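Chemist: For reference, the structure I am asking about is given below.
The values are calculated or read from the model by the stated rules, or taken from the named source; none is laboratory data. From a predicted model like this one, the values you see are computed outputs, not experimental measurements. A quick note on method: Cβ atoms are made from the backbone with ideal geometry, for glycine too, and the neighbour counts reach across all protein chains shown. For the accessible areas, the whole protein counts, side chains as well, though only heavy atoms, and no ligand, DNA or RNA atoms are used. Shrake-Rupley method; radii C 1.70, N 1.55, O 1.52, S 1.80 Å.
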Amino acid sequence: MTDCAYCGCEVEAHDPVFAEHDGGTYPFCNWACLTEYVDREELATGTSCNWEPA
Ligand SMILES: [Zn+2]
């Protein structure tokens, strides 16, 4: 059994989603837990794709 990285529930009981980050694989119950985790950890802050002309 695998615990959700966000809420700690067993991901097998839901429709699990797995994300790779910093060399590790993070299990989540579903997309909702993944997005909440990203918000909480501010993983999306400053990481959007930027194209800057040389
Ligand atoms: Zn969860």
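Chemist: If we keep just the residues of the stretch 1-43 that are more than 10 Å from the chain's Cα centre (by Cα), open to solvent by 50 Å² or more (accessible area, probe 1.4 Å) and among the small types (Gly, Ala, Ser), which is nearest to the ligand (Cβ to nearest atom)?
Modeler: ALA13
Chemist: Right, another one. In the stretch 1-47, what residues are among the aromatic types (Phe, Trp, Tyr) and assigned to a loop (DSSP other than H, G, I, E, B)?
Modeler: Answer for the stretch 1-47, where residues must be among the aromatic types (Phe, Trp, Tyr) and assigned to a loop (DSSP other than H, G, I, E, B): just TYR6.
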